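Heads up: the structure comes next, in structure tokens.
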Amino acid sequence: MLHLHPMDDGTFAQFLAHTVPQYAAEKVRNGQWSPDEAQDRAEAEYQQLLPQGLNTPDQFLFSLLDPSVGAPVGVLWYGLQHRTNGTAAFIYEIEVFGAYRRRGYATQAFAALETDAAARGATSLQLHVFGHNTGARALYERLGFQVTNVNMKKELTDTAQTPAS
């Protein structure tokens, strides 16, 4: 049975060292940021979201622990967003480490998350997923998430064209 274990300072530092560059790379992969700016922009976003680190109000960062493994199998970070129509638990990061994937940990993590978030007053779960991450999208749909927005992009070719007048 998977447990949500609050991160300590050391685990938090490891989390940031792993997830910030990973996030920067995803933004580059999607064409949203250039490689030259990606790391600085990612660091700035994380600083904005977690200005007090682990002590940032309404932000909850966990290691995913399976007692039978004796080590973390992943991480989870969500924040509460208080809105006029209820409180949403926005999932910023959920990752099952590579060696532990395809064992049902993600499904267990979401079940634990639902319980934890509801106990803190959340009435819904929300998240963002990059379009190319089809495996995660399929998981989220199986878990009952519904698409609420879609951003799309089309690259233009190098051919010079005369602007319409």
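The values are calculated or read from the model by the stated rules, or taken from the named source; none is laboratory data. Only a predicted model underlies this, so the values are computations on that prediction, with no experimental measurement involved. Please note: Cβ atoms are built from the backbone with ideal geometry, for glycine as well, and neighbour counts cover all protein chains shown. These area figures cover heavy atoms from the full protein model, side chains too; ligands, DNA and RNA do not enter into them. Shrake-Rupley method; radii C 1.70, N 1.55, O 1.52, S 1.80 Å.
Overview of values
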quantity: Long-range amide H partners of residue 74 with built H, under 5 Å; calculated: 64, 97
quantity: Measure of compaction for segment 1-49 (Cα Rg per 2.2 N^0.38 Å); calculated: 1.36
quantity: Whole-percent pair-distance distribution, where bins are 10 Å wide, for the alpha carbons of segment 1-90; calculated: 16, 38, 33, 13, 0
quantity: Histogram of C-alpha separations across the chain, 5 Å bin width, %; calculated: 1, 7, 15, 18, 20, 17, 10, 4, 3, 2, 2, 1, 0, 0
quantity: Mean accessible surface per residue for the chain, computed with a 1.4 Å probe while every protein chain stays in place, in Å²; calculated: 65
quantity: Relative packing of peptides 128-137, 65-74 - highest average C-beta neighbours within 10 Å first; calculated: 65-74, 128-137
quantity: Sequence-separation-based contact order of segment 4-103, relative, with Cα cut under 8 Å and 6+ spacing, percent; calculated: 21
quantity: ³J(HN,Hα) computed for each position of segment 141-157 - Karplus, 6.51 cos²θ - 1.76 cosθ + 1.60, integer Hz, glycine/proline x; calculated: 5, 4, 7, x, 6, 10, 5, 10, 8, 9, 9, 10, 8, 9, 6, 8, 6
